[in-house]
2 protein chains.
Amino acid sequence: MKLKKITTAKSGSSRRRYDDACGTAHGLDLIGERWALLVMRELMLGPKRFSDLRSDLPGISANVLTQRLEGLEASGLLVRRRLPPPASAQVYELTEWGYEAEPIVQTLGRWAARSPDHDPSMQISPVSIMLSFRTMFDSELARGVEGRIGFRLGAETFLLELGGGRMQVARGETAGADVVFTGSAPALAAAVYGGAPFDALAREGALTVEGDRKLAERFTTLFPLPPKVEKRA
Amino acid sequence: MKLKKITTAKSGSSRRRYDDACGTAHGLDLIGERWALLVMRELMLGPKRFSDLRSDLPGISANVLTQRLEGLEASGLLVRRRLPPPASAQVYELTEWGYEAEPIVQTLGRWAARSPDHDPSMQISPVSIMLSFRTMFDSELARGVEGRIGFRLGAETFLLELGGGRMQVARGETAGADVVFTGSAPALAAAVYGGAPFDALAREGALTVEGDRKLAERFTTLFPLPPKVEKRA
DNA sequence: CGGCATCCGGGAAGATACTG
DNA sequence: CAGTATCTTCCCGGATGCCG
């Protein structure tokens, strides 16, 4: 009889931790493993299923995604829930505490935006770009701007509301929006952060703008990037 | 002649990265590796030498510390500098951009303080506890509190200044402080975050308080912890 | 097909020993 | 003191396969 290796033994006991009372170190114990924070990011705007997580996280393997979901669930950061019929699919949803991790995602993203090595021309997920609007929004620049902006990015739709120098972003239908962007998340990023003109993006078939064009133009100016760090030779 | 293994080949080429334009993902490429953020934390209050980093980071191996220092230097987050004689020792110092990562450390620490699994009775470094004061300081609670507080934690000394509802923390001599704490960082944590009475800590030889005792007592009340998340069964 | 479990190869982390 | 060399262990990433 073959002796089965007990690889799963001591699972929760002595996993690689920082033995440190510092809150930051404990935070890393919770969400410091590879992919963990990006899984949280993808769930920040609402629950998702396994396959959607996998396709929105370029390069994660099913193996690792399973482990991260288990770990985050064990830590109380997310729960797995079954959607009511007829959807009847299993989804992963952040707990209240899990949603409270958004400032971490934002602080890290804002800081990293100064990096000289940052390449914004890579793949970006719909949730990422919408979260980046929350992160980079400048309320001073948004004074007097009002309106509802819809986004159709692949299969996902979002609604963004501007008014009184404030902004709200959430999943939602685009019906009734003053302007609707339809296309890919990278193209939207190119328009907002890269200064790409709508016409060029439309010609490539990457992004279309329907509705209040003036509002759309103004919208792209509300998210200033911090100055880059100069690259040493 | 011994053939040297070219272990540094393809060093910068295809290290494990997230191929993602999201700023958060890029931030993880910069400081997401194991130990990286804790190395930054230890340097937040000023330069340190290799051995001090090693002894203040419980459990890091020299091997990994070397790699992290190399990586952080390559990313432009720290520089290695040689102290002028007679000290003439090599130290690692954060760049301006490196120091700007403090909000990340703080946001993560504040968030993790809600964890039901957090064990504050472990080892904590002098820099960690001083940084935690910056993180958890409540300016409302500090209205009307003025004074200079010194800390002698092992070989390191710090000076904290309170006044006008604000607080400053830095390395510095304790001479002229209104009250001076002398002892271990965990004991100081027990007093401020665990509510341990000074008498008990003094009896254990863990912490002594010299000077304005009233100010010392008041000081311990300025850093409220967020409510813990209830632990699921 | 979604949601895993299992096996495998490569590489990063951990521990220890050793060197200038 | 400031690392390097080496060895082991474990995690990550990819592939395959099971099972509802």
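The values are calculated or read from the model by the stated rules, or taken from the named source; none is laboratory data. Here the structure is a predicted model, which means the values were calculated and not measured. Cβ coordinates were reconstructed from backbone atoms using ideal geometry, including for glycine residues, and neighbour counts include every protein chain displayed.
For the reader, a short list of remarks on this structure follows.
- Pairs, first within 18 Å of A:Leu131 (Cα to Cα) and touching a residue at least 24 places away in the same chain (Cβ under 8 Å) in segment A:22-42, second away from DNA strand D (no atom under 16 Å from the Cβ) and in a helix (DSSP H, G or I), C-beta under 6 Å, six or more apart: A:Arg41/A:Val105; A:Glu42/A:Val127
- Any hit, segment B:9-18, residues being under 22 Å from B:Glu100 (Cβ atoms) and either in a helix (DSSP H, G or I) or modelled with pLDDT of 95 or more (or both): no
- Scanning segment B:91-112 for residues that are in a loop (DSSP other than H, G, I, E, B) and buried (at least 22 other Cβ atoms within 10 Å of the Cβ) gives a single hit, B:Ala101.
Here's the yes/no breakdown for (1) closer than 16 Å to B:Phe151 by Cα; (2) in contact with a helix residue (DSSP H, G or I) (Cβ under 8 Å, 6 or more places away or on another chain); (3) charged (D, E, K, R):
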site	(1), (2), (3)
B:Ala187	yes, yes, no
B:Ala191	yes, yes, no
B:Gly194	no, no, no
B:Ala202	yes, no, no
B:Leu207	yes, yes, no
B:Leu215	yes, no, no
B:Thr220	yes, yes, no
B:Glu230	no, no, yes
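Residue-by-condition table, conditions (1) within 27 Å of B:His26 (Cβ to Cβ); (2) among the aliphatic types (A, V, I, L, M):
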site: A:Glu173; (1), (2): no, no
site: A:Ala177; (1), (2): no, yes
site: A:Asp199; (1), (2): no, no
site: A:Ala202; (1), (2): no, yes
site: A:Ala206; (1), (2): yes, yes
site: A:Val209; (1), (2): no, yes
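- Within segment A:33-80, the only residue that satisfies the criterion of being away from chain B (no Cβ under 14 Å), within 15 Å of DNA strand D (Cβ to nearest atom) and in a loop (DSSP other than H, G, I, E, B) is A:Arg49.
- Residue satisfying condition, being closer than 30 Å to A:Glu100 by Cβ, more than 9 Å from chain A (Cβ to nearest Cβ) and within 16 Å of the chain's Cα centre (by Cα), within set B:Gly98, B:Gly172: B:Gly98
- Selection from segment A:96-124 of residues that are hydroxyl-bearing (Ser, Thr, Tyr) and either modelled with pLDDT of 95 or more or within 16 Å of DNA strand D (Cβ to nearest atom) (or both): A:Tyr99, A:Thr107, A:Ser115
- Cβ separations smaller than 7 Å between residues 6+ apart or across chains give the following pairs from segment A:48-67 residues that are under 20 Å from B:Thr24 (Cβ atoms) and modelled with pLDDT of 90 or more to residues that are within 8 Å of DNA strand C (Cβ to nearest atom) and β-branched (Val, Ile, Thr): A:Lys48/A:Val91.
- Of the residues making up segment A:61-90, those that are surrounded by 12 or more Cβ atoms within 10 Å (Cβ to Cβ) and more than 10 Å from DNA strand C (Cβ to nearest atom) are A:Arg68, A:Gly71, A:Leu72, A:Ala74, A:Ser75, A:Gly76, A:Leu77, A:Leu78, A:Val79, A:Arg81.
- Only one entry in A:Pro186, A:Pro226, A:Pro197 is within 14 Å of chain B (Cβ to nearest Cβ) and surrounded by fewer than 19 Cβ atoms within 10 Å (Cβ to Cβ), namely A:Pro226.
- Residue within segment A:143-164 that is farther than 30 Å from A:Val229 by Cα, within 16 Å of DNA strand D (Cβ to nearest atom) and not hydrophobic (A, V, I, L, M, F, W, C) present: no
- Qualifying positions in segment B:119-160 - surrounded by fewer than 19 Cβ atoms within 10 Å (Cβ to Cβ), over 18 Å from the mean Cα position of the chain (by Cα) and assigned to a strand (DSSP E or B): B:Gly147
- Residue list for segment A:119-142, filter: touching a Lys or Arg at 6+ places or on another chain (Cβ under 8 Å) and without any contact (Cβ under 8 Å) to a residue 60 or more places away in the chain: A:Thr135, A:Ser139
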